[in-house]
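Okay, structure first, notes after.
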Amino acid sequence: MSSAAAKPILYGYFRSSCSWRVRIALALKGIAYDQVPVNLLKDGGQQLSAEFKAVNPMQQVPALKIDGITLSQSLAIIHYLEDTRPNPRLLPQDPKKRAQVRMISDHIASGIQPLQNLSVLKQMGERKTEWAQKCIASGFQALEQVLQQTAGRYCVGDEVSMADLCLVPQVANAERFSVDLGPYPTITRINKALLELEAFKVSHPSRQPDTPAELRA
């Protein structure tokens, strides 16, 4: 089998929100793939191994081997899937809606998630929960306002888009850090609607090959 025709391989971690975004995209587009778990906590962090550094020099998950190339960065991966496997569409054709989807995706992927990810929280020591809550809450205050302008059933109108793939994992992070979601009714409503969709269920952290027994659904 040529490398281009081989089944894609996703290197990820069950609880990584960036890995989850990619799992949702693969599920929505009906792409079969194999998973190689990279445990971010075990052995001092398997992402820091020389073996994984050869896959992704940034030593972060996810990484996707597909069509003979290896890609990292979740949004870059989703853009590639969109370019090569456009159905169903995750970026609207309308330029304004498309820009809104990218804006919301970046708001989460650049403006919230990196501030509360594992490597940052390790630096925060005792204050890690307080720090994560503060970063997520300030990001959600802005996001709630934006979504009040853009949302239909989902983040932008009534079609699932890349923005929704970013939203659900970020809400799960908020819940993990006990962020009060009361002030964010739009975020909460959209998240609930998305979690009813099959692609979001099968890609959920509670249903992955590397999910610990006590966290399985």
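Would you please report the Å³ per residue occupied by the convex hull of the alpha carbon atoms in the range 25-83?
Normalising the Cα hull of the range 25-83 by residue number yields 92 Å³.
To the nearest Å, what is the center-to-center distance of the range 36-57 and the range 145-201, using C-alpha atoms only?
First find each Cα centre; the distance between them is then 30 Å.
Which net charge results for the neighbourhood of LYS42, defined as the other residues with beta-carbon distances under 13 angstrom from its beta-carbon, given Lys and Arg at +1 and Asp and Glu at -1?
Cβ neighbours under 13 Å give a net charge of -1.
If you build a Gaussian network model of the chain, linking Cα atoms that sit under 10 Å apart, which residue out of PRO169, PRO183, PRO205 swings the most?
Comparing PRO169, PRO183, PRO205 in a Gaussian network model of the chain, the most mobile one is PRO183.
What value, in deg cm²/dmol to 500, does the helix sum -39500 (n - 2.57) over DSSP H runs of n ≥ 4 give at 222 nm once divided by the residues of the chain?
Per the formula, -15000 deg cm²/dmol.
Sort 32-43, 52-63 by the packing proxy (mean of other Cβ within 10 Å over each peptide's residues), most packed first.
In decreasing order of mean packing, 32-43, 52-63 become 52-63, 32-43.
Accessible surface of ASP210 in the full protein assembly, 1.4 angstrom probe, to the nearest 10 Å²?
Its heavy atoms expose roughly 40 Å² to the probe.
Using DSSP, restrict attention to beta bridges with both residues in the chain and report what percent are antiparallel, rounded to the nearest 5.
Around 60 percent of the beta bridges assigned by DSSP in the chain are antiparallel ones.
Quick one: 3J(HN,Hα) in Hz for the range 43-56, Karplus 6.51/-1.76/1.60 with θ = phi - 60°, rounded, Gly and Pro as x.
6, x, x, 5, 5, 8, 5, 4, 4, 6, 4, 5, 7, 9
Tell me which residues come under 5 Å, amide H to amide H, from GLN35 once H is placed; ignore anything under 5 positions away on its chain.
Here the answer is LEU10, since their amide H atoms fall under 5 Å of that of GLN35.
How much net charge surrounds SER110 when only other residues with a Cβ under 14 Å from its Cβ are counted (Lys, Arg +1; Asp, Glu -1)?
Its environment carries a net charge of +1.
Modelled label-to-label distance, ARG127 and ASP158, 7 Å Cα→beta-carbon offset: nm?
Distance between label points: 4.7 nm.
Could you compute the FRET efficiency for ALA193 and TYR33, with r as their C-beta to C-beta distance and R0 at 22 Å, rounded to 0.05?
For R0 = 22 Å, the calculated efficiency reads 0.30.
When you count, for each residue, the other Cβ atoms within 10 Å and take the mean per peptide, how do 152-158, 86-92, 119-125 rank with the highest first?
Averaged packing, sorted descending, gives the order 152-158, 86-92, 119-125.
Would you work out if the chain is rounded, prolate or oblate? Take a ≥ b ≥ c from the square roots of the eigenvalues of the alpha-carbon gyration tensor; rounded if a/c is under 1.5, else prolate when a/b is larger than b/c, oblate otherwise.
It is oblate, given that a/c is not under 1.5 and a/b is not larger than b/c.
Return a whole-number percent for the relative contact order of the chain, with Cα pairs under 8 Å and 6 or more residues apart as the contact set.
Result for the chain is 24 percent.
Considering only Cα-Cα distances, which of the following residue pairs are longer than 25 Å: LYS53/LYS122; LYS97/LYS128; LYS29/LYS192?
As for pairs spanning more than 25 Å Cα to Cα, those are LYS97/LYS128.
What is the gain in length, in nm to one decimal, between GLU51 and LEU215 on full extension, counting 0.36 nm per residue of separation less the C-alpha to C-alpha distance?
Result: 56.3 nm gained on full extension.
Taking the Cβ of LEU64 as the centre, find all other residues whose Cβ is under 14 Å away and add up their charges (Lys, Arg: +1; Asp, Glu: -1).
Charge balance near LEU64 sits at +2.
The values are calculated or read from the model by the stated rules, or taken from the named source; none is laboratory data. What you see is a predicted model, and the numbers here were worked out from it, not measured in a lab. All Cβ positions, even for glycine, are placed from backbone atoms using ideal geometry, and neighbour counts span all protein chains on display. Each accessible area value is taken on the protein alone, full model and side chains, heavy atoms only, with ligands, DNA and RNA left out. Shrake-Rupley method; radii C 1.70, N 1.55, O 1.52, S 1.80 Å.
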